[in-house]
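To keep things clear, I will list the structure first and then write my remarks on it.
The values are calculated or read from the model by the stated rules, or taken from the named source; none is laboratory data. It should be emphasised that the depicted structure is a prediction, and the values quoted were computed from it without experimental measurement. Neighbour counts are summed over all protein chains in view; Cβ atoms, including those assigned to glycine, are modelled from backbone coordinates with ideal geometry. The area values use the complete protein model at the heavy-atom level, side chains included, leaving out ligands, DNA and RNA. Shrake-Rupley method; radii C 1.70, N 1.55, O 1.52, S 1.80 Å.
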Amino acid sequence: MINELMILAEATPEEGGEHQPPNPLLPQWYDITWSLVAFAVVLFVFWKFVIPKYRQVLDERRDTIEGGIERAEAAQAEAAASLKAYREQLAGAREEAAGIREEARNQGTQIIADLKAQATAESDRIIANGHTQLDAQRQQVVSELRGDLGKMSVDLAEKLVGASLQDDVKQAGTVDRFLAELDDAASAK
């Protein structure tokens, strides 16, 4: 019915007496009115329902992204702190290992020095014992030789003198004198 009225209104001549054809570039007033009403309804529906829901989804995504970024930054900071702590522990372990190696070297040097000192002391003791035994054996040999030499000299003197030198006092004096002469002869060479 509205369309028929529109058509009739267009068919009636205007006050100028001439009827002008409608401009195809300018829409009719009723088209503009209904278009505005439909646009207002769509705008109201978008404004009331779609845009708040869209904002809610965008806010959730923004919160999710920002939360993810914050969690990533926190994880990165935690990883950096862990790396720093690991490096500090590693440096401490290296220092401790260097200290242990240095202590082991010092102990090794000390042990070697102690063993050398013990070996030197043992060697000196063995040499001293050897000298003592050698001196004792020399004294024993000298005393045996003196006794044997004294007996031989007495026997020789008896043969030469033709007299008996059985008297111990005479025999000891003769032996001592003979040995003294031997010592003088040995030291003179």
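Looking across Q140, Q110, Q76, one residue alone is over 35 Å from the mean Cα position of the chain (by Cα) and assigned to a helix (DSSP H, G or I). It is Q140.
So which residues in segment 43-69 are of a type in the set (A, V, I, L, M, F, W, C) and more than 48 Å from the chain's Cα centre (by Cα), if there are any at all?
Going residue by residue through segment 43-69, those that are of a type in the set (A, V, I, L, M, F, W, C) are 43-47, 49-51, 57-58, 65, 69.
Across segment 43-69, the qualifying residues are L43, F44, V45, F46, W47, F49, V50, I51, V57, L58.
For segment 8-39, the tally of residues that are part of a helix (DSSP H, G or I) and modelled with pLDDT of 65 or more stands at 11. I'd like to check something: does segment 140-153 contain any residue that is under 25 Å from L182 (Cβ atoms), in contact (Cβ under 8 Å) with a residue 24 or more places away in the chain and of a type in the set (S, T, N, Q)? The answer is yes, given that some residue of segment 140-153 is under 25 Å from L182 (Cβ atoms), in contact (Cβ under 8 Å) with a residue 24 or more places away in the chain and of a type in the set (S, T, N, Q). Annotation note: Cβ proximity below 8 Å between a residue of segment 162-189 that is at pLDDT 65 or above and a residue that is in a helix (DSSP H, G or I) and open to solvent by 50 Å² or more (accessible area, probe 1.4 Å) (sequence gap 6+ or interchain) occurs for V175/R146; V175/L149; F178/L149; L179/R146; L179/L149; L182/L149.
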